[in-house]
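What follows is a single structure, written as structure tokens, with notes after it.
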């Protein structure tokens, strides 16, 4: 039984997602469990080096989690042949240039999405990685949420019959920062810094739709900046130049229609921050982040429209929960383990930089649809 130590450059891990999901709940958790076990009883042990611009934050993070390696010099980390994987969780505007550097040094690439601020650069990254022969992957975490895994189980079982439509509701109220501190960083609301909910969330909706319901054929999108002024981390008022809400409709190649509302200016009155309702000829389901409930054709009630009487139905009680039937690990950690296996043993990993480019493509076309107030076809990307 051998242990494969893998040096991983983790750039941008002092941010919220980088620290919590990728470092603590993924890499540190994998190290604490003794690595990733392989079929031949070997193990993969990730050995991270934390990279960022703030020396004090890096040192504190490394000390807290018993990590021996950190640096503010990305070039130094890239020049070290021990480090075979480059991971990027920086802000979107910084990501592409660093990935290009890492590809040029022959590193395998794993990164957050969006992979770049525009489609051309996202395609360039996928092409560079392909030509360099380096393995590459993009975080597509929502596919590994328990609620969506249960939804996938239903699809594979043919539960829905012929799928008809999908309704996705995502979002919550992000405080403006004046009387309560905002839950998201201020750059999210500045277009010039790579912000905007279309750029952020359409990258998610692309892989969720493509991998669960069918390939996106066309998009219609209306964006909005509902909250025009916010307060930044230093208490300074700034103008929000990016969209904080998006109302999208997607036509799929199999005829399914998807509606997706995304907003940081909505108060939640649903089961979860994300809910996905799928309706089909044989049954329907509503999935959240962790749970999923169903209503089969034979259990569907027969309501009638009569506003003159009290509603006689408890609609919520007429759905059944889909059981777990398995143990669900953290979705970010699960995908990290799959990518590490991909690097070491060449196991399949379909969520590559080309998939990331598809997400950027949908964001770009959503913005174009909003600007031109029309439906936009989504062409196939070939590299």
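The values are calculated or read from the model by the stated rules, or taken from the named source; none is laboratory data. Just so it is clear, the structure is predicted and the values come from calculations on it, not from any experiment. Here the Cβ is made from the backbone with ideal geometry for all residues, glycine too, and neighbour counts use every protein chain on show.
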Response to the item:
Selection over the range 330-383 where residues are in contact (Cβ under 8 Å) with a residue 40 or more places away in the chain, assigned to a helix (DSSP H, G or I) and more than 22 Å from residue 48 (Cα to Cα) yields a count of 16
Item to complete: From (1) assigned to a helix (DSSP H, G or I); (2) in contact (Cβ under 8 Å) with a residue 12 or more places away in the chain; (3) not assigned by TED's automatic domain parsing to the domain that holds residue 116, pick out the condition that doesn't hold for residue 316.
Response: (2)
Discussion item. Out of the residues in the range 96-120 meeting the condition of being under 25 Å from residue 192 (Cα atoms) and free of Cβ contacts under 8 Å to residues at least 40 places away in the same chain, tell me which one is surrounded by the fewest Cβ atoms within 10 Å (Cβ to Cβ).
Written reply: 120
Worksheet item: Does residue 173 count as modelled with pLDDT of 95 or more, out of contact with any helix residue (DSSP H, G or I) (no Cβ under 7 Å at 6 or more places or on another chain) and surrounded by fewer than 15 Cβ atoms within 10 Å (Cβ to Cβ)?
Response: yes
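Looking only at residues in the range 223-234 that are within 23 Å of the chain's Cα centre (by Cα) and surrounded by 15 or more Cβ atoms within 10 Å (Cβ to Cβ), which one is farthest from residue 363 (Cα to Cα)? First the steps, then the outcome.
Within the range 223-234, the subset within 23 Å of the chain's Cα centre (by Cα) is 223-225.
From the residues that got through so far, the ones that are surrounded by 15 or more Cβ atoms within 10 Å (Cβ to Cβ) too are 223, 225.
Numbers: 223: 11, 225: 16 Å.
Ranking the candidates gives 225 first.
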Worksheet item: Any residue at all in the range 152-163 that is surrounded by fewer than 21 Cβ atoms within 10 Å (Cβ to Cβ), modelled with pLDDT of 95 or more and under 17 Å from the mean Cα position of the chain (by Cα)?
Response: yes
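Count, please, the residues in the range 122-150 that happen to be in contact (Cβ under 8 Å) with a residue 60 or more places away in the chain and either in a loop (DSSP other than H, G, I, E, B) or touching a helix residue (DSSP H, G or I) at 6+ places or on another chain (Cβ under 7 Å) (or both). Working first, answer last.
Start the filter on the range 122-150 by keeping residues that are in contact (Cβ under 8 Å) with a residue 60 or more places away in the chain, which leaves 122-123, 125-127, 129-130, 135-150.
Among the residues that remain, those that are also either in a loop (DSSP other than H, G, I, E, B) or touching a helix residue (DSSP H, G or I) at 6+ places or on another chain (Cβ under 7 Å) (or both) are: 122-123, 125-126, 129, 135-145, 148.
Total meeting the criteria: 17.
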Worksheet, complete the sentence: The residue that is surrounded by the fewest Cβ atoms within 10 Å (Cβ to Cβ), considering only those in the range 5-22 that are modelled with pLDDT of 95 or more and in contact with a strand residue (DSSP E or B) (Cβ under 9 Å, 6 or more places away or on another chain), is 5
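Which of the residues spanning the range 31-42 are buried (at least 19 other Cβ atoms within 10 Å of the Cβ) and not in a strand (DSSP E or B)?
Taking the range 31-42 as the starting set, the residues that turn out to be buried (at least 19 other Cβ atoms within 10 Å of the Cβ) are 35-36.
Within the range 31-42, 35 is the sole residue that qualifies.
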Worksheet item: Are there any pairs with C-beta distances below 9 angstrom linking a residue in the range 65-79 that is closer than 10 Å to residue 48 by Cβ to a residue that is part of a loop (DSSP other than H, G, I, E, B), with the two at least 6 apart or on different chains, and if so which?
Response: 70/52
Item to complete: Please work out if residue 45 is in contact (Cβ under 8 Å) with a residue 40 or more places away in the chain, surrounded by fewer than 16 Cβ atoms within 10 Å (Cβ to Cβ) and outside any strand (DSSP E or B).
Response: no
